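The values are calculated or read from the model by the stated rules, or taken from the named source; none is laboratory data. Given the structure is predicted, the values throughout are model-derived calculations rather than measurements. Reconstructed Cβ throughout: ideal geometry from the backbone, glycine too, with neighbour counts over all protein chains shown.
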Amino acid sequence: MGVAEQVQALAEPLAAGCGLVLVDVRFFSERGTPTLRCTVDKAGGVTLDDIEGFHRALDPVLDTADLIAHSYVLEVSSPGAERPLRTPRDFELFAGRDIVLAAREAVGGRREWRGRLCGLDGGRVVMACGPDGSERVEVPMDLVAWARLRLPG
């Protein structure tokens, strides 16, 4: 198990205890500096206080676990208004929101859609597309190349 996966296992319950959802964990080097980035969210969006509180809670847990042998930068951030959707939980949590989704291969003759996310049904992402939302689109989760929330308009 890599560093990001180990951190995720420690951080998910901690985030839940702070009223947050851990969206993503990435461990990478930026300009030669090892960086651990944790992205958190909650219904209605996160505040600076949420981010600071989670950072203060996570930092000593990571120090105690000693998963990273050298110094690193810990970043906690929000995913932003057009956040990516990666997990089944994301597609359930943001049902009712506008999204854009691209598939790895054509589904029904198309590879990209914009529409209202309806949720998941049997491992398929379900969207209401078209001008009046009457076109139902179902894309198997394993064919989703990427998806993100989109701002209306």
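Structural remarks
- Qualifying residue in region 78-95 (condition: over 30 Å from TRP113 (Cβ atoms) and either modelled with pLDDT of 90 or more or buried (at least 18 other Cβ atoms within 10 Å of the Cβ) (or both)): no
- Residue within region 41-54 that is under 16 Å from ALA4 (Cα atoms), surrounded by 15 or more Cβ atoms within 10 Å (Cβ to Cβ) and either not basic (Lys, Arg) or not assigned by TED's automatic domain parsing to the domain that holds ALA9 (or both) present: no
- The single condition among (1) within 23 Å of ASP24 (Cα to Cα); (2) modelled with pLDDT under 95 that GLU75 does not meet is (2).
- Residue in region 113-133 that is in a loop (DSSP other than H, G, I, E, B), of a type outside the set (S, T, N, Q) and surrounded by 15 or more Cβ atoms within 10 Å (Cβ to Cβ) present: no
- Within region 94-114, the residues that satisfy the criterion of being in contact with a Gly (Cβ under 9 Å, 6 or more places away or on another chain) and either within 15 Å of VAL144 (Cα to Cα) or touching a residue at least 60 places away in the same chain (Cβ under 8 Å) (or both) are ILE99, VAL100, LEU101.
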